[in-house]
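J.: Right, I'll just put the structure down here and ask away after.
The values are calculated or read from the model by the stated rules, or taken from the named source; none is laboratory data. Keep in mind that this is a model prediction, so the values were computed, not measured. Glycine gets a Cβ as well: all are built from the backbone with ideal geometry, and neighbour counts include every protein chain shown.
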Amino acid sequence: MSIDQIDLKDLKKRMDGALTSLKGEFSGLRTGRASASLVEPIMVQAYGSPTPMTQVGTIGVPEPRMISIQVWDKGLIGAVEKAIRDSGLGISPVVDGANVRIPIPALTEERRKELTKVASKYAEQAKVSVRNIRRDGMEAIKKADGVSEDEQKKLSGEVQKLTDDLVASIDEALVAKEKEIMQI
C-alpha cells in the first residue's frame, strides 16, 4: 500500500455518514408526536436473521399519538412486538390481529429523561462508528509502503483531527437534541 491509497476524503465521507445516520435517528425521537422514523431503525428477528422493521411490515401514523405496523407475515407479529419492547424506547405495543399498534405516551418529565438516554445511546453508537473508521485509517497509514515516519505522523494527525471534529459535531447534535426533548 502506498501513500496514494490513503484517502482522507474517503475517511471524512465515511465519518460524515455516521453523523448523517445519527441525525436520521434523532429525527425519529420526536417529542410527543408519533413518527414512523421512531420504529424504523428497530431490527426484528425474522427468518433467522435481524431484519429492519420496514422489511416486515408497513409502518403508518394514523393519529398524532399512534404508530401502526401492518405486519405482512402473521408469524412475525410476536417477533415485532418483542423487538419493540426490547428496543429501549420505552413504548408498549398492542397487538390487534395482523396490526401492531404503538400508542405514544404523553411526555412526562420521566419520559423526557428516557428519551435523552436513548439519544445518548444513539450518539455513542455514532462515536464508535467514527472511532472504527479512524482505526481503519490509522492501520492503512501504518501499512503504507514508502511512507516516511514524518509523513505517517502528519497523516495520523490529520486523521485524528477529522475524528475530533466529527466527535465534537456529534456532541453538539446530542446537546441540541437533548435541549429539544427537555423543552416543555
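J.: Enumerate the strands (runs of 3 or more DSSP E) found wholly within the stretch 13-91, keeping only those where 2 or more residues are over 18 Å from Arg101 (Cβ atoms) and free of Cβ contacts under 8 Å to residues at least 60 places away in the same chain.
T.: In the stretch 13-91, the matching strands (runs of 3 or more DSSP E) lie at 43-46, 49-52.
J.: Then there is this: Within the stretch 67-78, is even one residue touching a Pro at 6+ places or on another chain (Cβ under 7 Å) and either at negative phi or of a type in the set (A, V, I, L, M) (or both)?
T.: Yes: the stretch 67-78 contains one or more residues that are touching a Pro at 6+ places or on another chain (Cβ under 7 Å) and either at negative phi or of a type in the set (A, V, I, L, M) (or both).
J.: While we're here: For the stretch 100-132, give me the residue count where each residue is part of a helix (DSSP H, G or I), more than 19 Å from Met15 (Cα to Cα) and not acidic (Asp, Glu).
T.: 7
J.: May I pose another question? Taking the stretch 97-116, which residues are surrounded by 12 or more Cβ atoms within 10 Å (Cβ to Cβ) and farther than 17 Å from Ala34 by Cα?
T.: Passing the criteria: Ala98, Lys113.
J.: Considering only residues that are exposed (fewer than 13 other Cβ atoms within 10 Å of the Cβ), of a type in the set (D, E, K, R) and under 19 Å from the mean Cα position of the chain (by Cα), which ones fall in the stretch 40-96?
T.: Passing the criteria: only Asp86.
J.: Let me ask something else. Would you confirm whether or not the stretch 115-131 contains a residue that is in contact (Cβ under 8 Å) with a residue 24 or more places away in the chain and either of a type in the set (Asp, Glu) or in the same structural domain as Gly75 (by TED's automatic domain parsing) (or both)?
T.: Looking through the stretch 115-131, none of the residues is in contact (Cβ under 8 Å) with a residue 24 or more places away in the chain and either of a type in the set (Asp, Glu) or in the same structural domain as Gly75 (by TED's automatic domain parsing) (or both).
J.: Given (1) without any contact (Cβ under 8 Å) to a residue 60 or more places away in the chain; (2) over 22 Å from the mean Cα position of the chain (by Cα); (3) exposed (fewer than 15 other Cβ atoms within 10 Å of the Cβ), identify the lone condition not met by Gly146.
T.: Failed condition: (1).
J.: Related question: Return only the number of the condition from (1) over 30 Å from Arg131 (Cα atoms); (2) modelled with pLDDT of 85 or more; (3) in contact with a helix residue (DSSP H, G or I) (Cβ under 6 Å, 6 or more places away or on another chain) that Ile77 does not satisfy.
T.: Condition (3) is where Ile77 drops out.
J.: Would you confirm whether any residue within the stretch 106-113 is closer than 30 Å to Arg134 by Cα and within 19 Å of the chain's Cα centre (by Cα)?
T.: no
J.: Restricting attention to the stretch 138-145, does a residue exist that is modelled with pLDDT under 90 and not in a helix (DSSP H, G or I)?
T.: Scanning the stretch 138-145, I find at least one residue that is modelled with pLDDT under 90 and not in a helix (DSSP H, G or I), so the answer is yes.
J.: Any residue at all in the stretch 94-105 that is in contact (Cβ under 8 Å) with a residue 60 or more places away in the chain and on the phi < 0 side of the Ramachandran plot?
T.: Within the stretch 94-105, one or more residues are in contact (Cβ under 8 Å) with a residue 60 or more places away in the chain and on the phi < 0 side of the Ramachandran plot.
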